[in-house]
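Enquirer: Provided herewith is a single structure, encoded as structure tokens, for subsequent inquiry.
The values are calculated or read from the model by the stated rules, or taken from the named source; none is laboratory data. Computed from a predicted structure; not experimentally measured. With ideal geometry, Cβ positions are generated from the backbone for all residues, glycine too; neighbour counts draw on all protein chains shown.
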Amino acid sequence: MRHTTVLDLALEGGVVLPDSLTDEWPPQLSAADEKGWFRFQRLYDIARSVLKTEAGVRRLLLEAHNYPKTYVSRIFAVRPITAQAT
């Protein structure tokens, strides 16, 4: 999810984001110890919590589809759902 999307959806949904997702962007994370992982997981869960409506999820999917060079698209291929022949 793009940073601007997180900020927009948080504002729309009344979600208060921590400074590390607003003023201190990008957050400083360390892979050297467990604290880095737990901090990442906490921030990820907070960012994910802004997806509260169908419109928010649609926006996320549209952005993932329209920005094929983003990090997400390198990991996952976004393909349209088609009916399978039986």
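Enquirer: Which of the residues that make up segment 12-52 are under 15 Å from the mean Cα position of the chain (by Cα) and among the aliphatic types (A, V, I, L, M)?
Expert: Val15, Leu17, Leu21, Leu43, Ile46, Ala47, Val50, Leu51
Enquirer: Additional query: When only residues in segment 1-59 that are among the small types (Gly, Ala, Ser), part of a helix (DSSP H, G or I) and surrounded by 13 or more Cβ atoms within 10 Å (Cβ to Cβ) count, which is modelled with the lowest pLDDT?
Expert: Filtering segment 1-59 for residues that are among the small types (Gly, Ala, Ser), part of a helix (DSSP H, G or I) and surrounded by 13 or more Cβ atoms within 10 Å (Cβ to Cβ), the one modelled with the lowest pLDDT comes out as Gly36.
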